[in-house]
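A short write-up of the structure that comes next.
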Ligand code: HEM
């Protein structure tokens, strides 16, 4: 017999939205709850903000090397274990993180910001001129891929293929099509890494190709997996946060008008800043993060054994009333807003500044160019327990009167 808490493990449930009510009951009744093995291995579900933050901040006790996502038993542990940044143990993580984080310095972010301004202006301009748009495919999926291609210095001629493969890797109809697209991405990066080792540039692939750990360069396949992670991490979540944010604005016209008035009135940095964080909290596109206990530990009154899986439900933490006043209210001026949508601790999202820049740029462009946006059919949601958000958001747009 299934337990009501098993709702949260059924991808189909998310097609009609995150099961917040189930998460709320779990947080109130048993914020650290054991799930027996079934399709998934046995694991602890964490739904309270404090316990989740404690786990994410303690990489020594709660390791990410076996994978950060809950995978069906049949799939085994993540093959990227101790190879990618997110799945590295503390010493290797520090070496890789230093190299990648150093690349995201203000000088490189400014360069990306200029590129993004132009890309957003033309994507929103084209959508307004057409009068109709699927916001997910035409704007929210396209811009982040263009930005990642820019910082990996993927040649212009190859970008259409990368855009197609990335879209298919997430959105293709069958699992076979999705994994084929993924293999194509890995193969492409394999050749690119060899080329950048021979002729390095100032891009992030070249940086990764030169990273040394314990006296040696990383094996090429590890560089490839890290490039793939940047492409995936840098596109999927931004797409989901941006499109989820847009839908929520349409559902809360008072908030949209307030944001527009503030931006028009020159308050753009202040309210845009709090708006982006509220969109991140509200959409919580990464539903959960997983860790494994390195040794026995007590958490929320429960005894966690060495080797146990611990799943941190970010969607639940970000609605915890102990940390967010009136958590189910979408409030673009919310402050403070210490959400966990970008993680916490040493694995905190390395692309966080870029993610915020991308979302705020698109919002600003929408405010500048769009008079009215209304639904043009029903939005469609993904059926996934891993990422939360929209597959399609058809809109009708009218230009803003000058
Ligand atoms: C709305 C957008 C984004 C969201 C919601 C998001 C979410 C997250 C979260 C929750 C983590 C923590 C993972 C963990 O603790 O196991 C993370 C880490 C990471 N993110 Fe993001 N991310 C976003 C955008 C980006 C972008 C734009 C990039 C790339 C440029 C990126 C690259 C990464 C990488 C490489 C890590 C691993 C960091 C580490 O382990 O040290 N993300 N992200």
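Every number here is computed from the coordinates shown, using simple stated rules; none is lab data. This is a predicted model, so every value here is computed, not measured. When we count neighbours, we look across all protein chains shown, and the Cβ atoms used for this are built from the backbone with ideal geometry, even at glycine.
Using just its DSSP H runs of length 4 or more, each adding -39500 (n - 2.57), the chain gives a mean residue ellipticity at 222 nm of -15500 deg cm²/dmol after division by all residues.
From the square roots a ≥ b ≥ c of the eigenvalues of the alpha-carbon gyration tensor of segment 12-143, which class results: rounded (a/c under 1.5), prolate (a/b over b/c), or oblate? Before the final figure, lay out the partial values.
Numbers: a/c = 2.26, a/b = 1.37, b/c = 1.65.
Since a/c reaches 1.5 but b/c is at least a/b, the shape of segment 12-143 is classed as oblate.
Protection proxy ranking of 176-184, 291-299, by the mean of other Cβ atoms within 10 Å over each peptide's residues and highest first, is 291-299, 176-184. Ranking of 27, 97, 210 by neighbouring Cβ atoms within 10 Å, starting from the fewest: 210, 97, 27. Spatial offset of segment 321-390 relative to segment 13-54 amounts to 21 Å, using the alpha carbon center of each.
With each label modelled as a point 7 angstrom along the Cα→C-beta vector, the residue 107-residue 198 pair spans 2.8 nm. Secondary structure note: in the chain, about 90% of the DSSP beta bridges are antiparallel. The overall shape of the chain is oblate: from the C-alpha gyration tensor, with semi-axes ordered a ≥ b ≥ c, the ratio a/c is 1.5 or greater and a/b is no larger than b/c. Once you reduce segment 184-240 and segment 71-100 to the center of their Cα atoms, the two points are 14 Å from each other.
By definition, a body whose alpha carbon gyration tensor gives a ≥ b ≥ c is oblate when a/c is 1.5 or more and a/b is not larger than b/c, and segment 1-78 fits this oblate description.
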